[in-house]
Structures are given as C-alpha cells and as structure tokens.
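Data block below; observations after.
The values are calculated or read from the model by the stated rules, or taken from the named source; none is laboratory data. Given the structure is predicted, the values throughout are model-derived calculations rather than measurements. We place every Cβ from the backbone using ideal geometry, glycine too, and count neighbours over all the protein chains shown.
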Amino acid sequence: MNKETWKAVDEYYQELIIKPDPRFEKILEVSNKEGLPTIQIPPSLGAFLELLVRGMGAKRVLEIGTLGGYSTAWLASGLPEDGNLISLEIDPKHADVAQRNISMFKFVDKVSIKVGDALESLREMVETNMDPFDLIFIDAEKNQYRAYLEWSIKLSRPGTLIIADNVVRRGEIINKNSTDASVLGIREFNQSLSEEPRLKATVLQTVGAKRYDGFTMMVVDPES
Ligand code: SAH
Ligand code: DHB
Ligand code: MG
C-alpha cells in the first residue's frame, strides 16, 4: 500500500461515483493561475461536505477560511433554495478570486464572503446576535483553531455540526518533537476539545491524491 494506490483509488471513485461538476476543476485552475496555494480540500471531502449539508437539511452554513472558494462551492452545492452560507477570509485577494469562482454557479446569491480577520468577524456575529448555524467548517489559521471553536460554539445550537480540517498533518500531530506552529495550534485545539462537555466528537483520517491528513467532526450535544 502506498501513495500511488491511494491516488489511483481516489481517481477511480472520483470518476465513477463522485463525478464532480467540471466547474470545480475550473475553480482550482483559476486559483492556481492567480497564485493561490494549492491547499484546498480534496474532492472526496468536498462531496462529503455537500452530502452533510444535504443530509442535515442545513440552511445556515458558516465557513472559516475561504481561499479560492473551492470548499465554499461544495458546501453551497448542498444548500436548499432558502439556504445561505457565510465564508470568512482575511486576504482580500483570496476573497476576490473566490467571489469570481462562486459567480460561475447559480448558488452565488446564497453565498457571502466576509473579508477580515475571522476572529473579528466571529466576535461581531456573536455581538449582533446572529441566528445559530446548522453546520460550521473550520479551515483557516491552524494556531487559531481553539478560538475558532469557542466562537463557533457561541454561534451554534444543540445539533449543530462543526468540522475542523487538517488535524492529522501526515501524522505530525503525534510527533512530540514537532515545533510546527500549526501542529502546536491543533494540539491546543485538541486539548480544549477534550475538556469541552458540550461537544461529541470523532476524528477521521484521510488518504488519497492529496496528503495524509484528517478532520474532526463535532456535534453540539443536545444534552448539554
Ligand atoms: N477552505 C479552503 C482552504 C482554506 S486555506 C478550501 O478547502 O478550499 C486557509 C484560508 O484561511 C486562506 O485563504 C487564508 O488566507 C485564510 N486565513 C488565514 N488566517 C485567517 C484569519 N485570521 N481570518 C480569516 N481567514 C484567514
Ligand atoms: C494545508 C492544507 C489545508 O487543507 C489547509 O487548510 C492548510 C494547509 C497544507 O497542505 O499545507
Ligand atoms: Mg484545510
């Protein structure tokens, strides 16, 4: 078993089962051309997020970390007619590319990209008593994950699903000698999640065409 196999199986299922709309590939092309980093979620995770939104009947989705709008587009694909999505992005160039990418789709009017530090946007959303979200996808600055989670809980209701990307990092998460800021950030996030009675959680590791990584799924506990 090796990377080539993971990649080939990813491609096999992508072509046979997932069959992404060609516009998703276009988003990646435009993002590359604009010089954005190629750190988007893989198509399999994108399709998974769409299914979660659909399966839950989520109408209100929050994303933290837009980049070129790739994950945004997958999430928005699952929204019903009266659904909407807010995506937070600090880099105006990224937000601009994302807006152009999202404009290829009919769901463009359901999506608003908010430019600014996510922590500021989250604070403002809490202070203005914004209605709770049904699903929240955390994927911005890794050493802020703990704070993103705290704000996300404030913007949740019992049953809200929260997903945090990139919590395995090729297994570096368990390397005790790691000095990587992202690894240390995810560990802080993990520590606070482990002490958080309001959340039920699991972690899924992923392999495929992209690197070995994983994500955390959390549900705000109805019993809390
Ligand atoms: N979700 C995207 C990838 C996001 S990459 C996808 O899978 O397609 C992380 C993004 O978070 C980058 O665009 C980066 O500019 C943004 N970011 C970094 N720090 C941030 C902050 N403090 N507030 C908001 N966004 C931030
Ligand atoms: C990387 C991947 C991501 O999904 C992300 O959000 C940030 C960084 C990476 O591969 O470095
Ligand atoms: Mg990510």
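Just to be sure, is Leu85 surrounded by 14 or more Cβ atoms within 10 Å (Cβ to Cβ) and either at pLDDT below 95 or within 16 Å of ligand 2 (Cβ to nearest atom) (or both)?
Here the answer is no, as Leu85 does not meet what is asked.
Among the residues of the range 44-60, write down those that are within 16 Å of ligand 3 (Cβ to nearest atom) and surrounded by 24 or more Cβ atoms within 10 Å (Cβ to Cβ).
Within the range 44-60, just Leu49 meets the criteria.
Name the single residue, out of those in the range 20-59 being within 16 Å of Asn101 (Cα to Cα) and in contact (Cβ under 8 Å) with a residue 60 or more places away in the chain, that is nearest to the chain's Cα centre (by Cα).
My answer is Ile41.
Which one of Gly46, Gly55, Gly35 is assigned to a helix (DSSP H, G or I) and more than 18 Å from Phe105 (Cα to Cα)? Even if it seems obvious, please write down each step before you answer.
Values: Gly46 fails: more than 18 Å from Phe105 (Cα to Cα); Gly35 fails: assigned to a helix (DSSP H, G or I).
Exactly one residue qualifies, and that residue is Gly55.
Find the residue count for the range 143-171, including only residues that are out of contact with any Phe, Trp or Tyr (no Cβ under 8 Å at 6 or more places or on another chain), surrounded by fewer than 21 Cβ atoms within 10 Å (Cβ to Cβ), assigned to a helix (DSSP H, G or I) and not polar (S, T, N, Q).
5
Under 9 Å between Cβ atoms, which residue pairs at least 6 apart in sequence (or on different chains) link something in the range 198-221 that is under 29 Å from Tyr12 (Cα atoms) and more than 16 Å from ligand 2 (Cβ to nearest atom) with a partner that is of a type in the set (A, V, I, L, M) and in a strand (DSSP E or B)?
Thr202/Met217; Thr202/Met218
If I ask for residues that are away from ligand 2 (no atom under 12 Å from the Cβ) and surrounded by 18 or more Cβ atoms within 10 Å (Cβ to Cβ), which ones from the range 31-43 would you list? Lay out the reasoning, then the answer.
First pass over the range 31-43, keeping only residues away from ligand 2 (no atom under 12 Å from the Cβ): 31-35, 43.
Passing the criteria: Ser31, Pro43.
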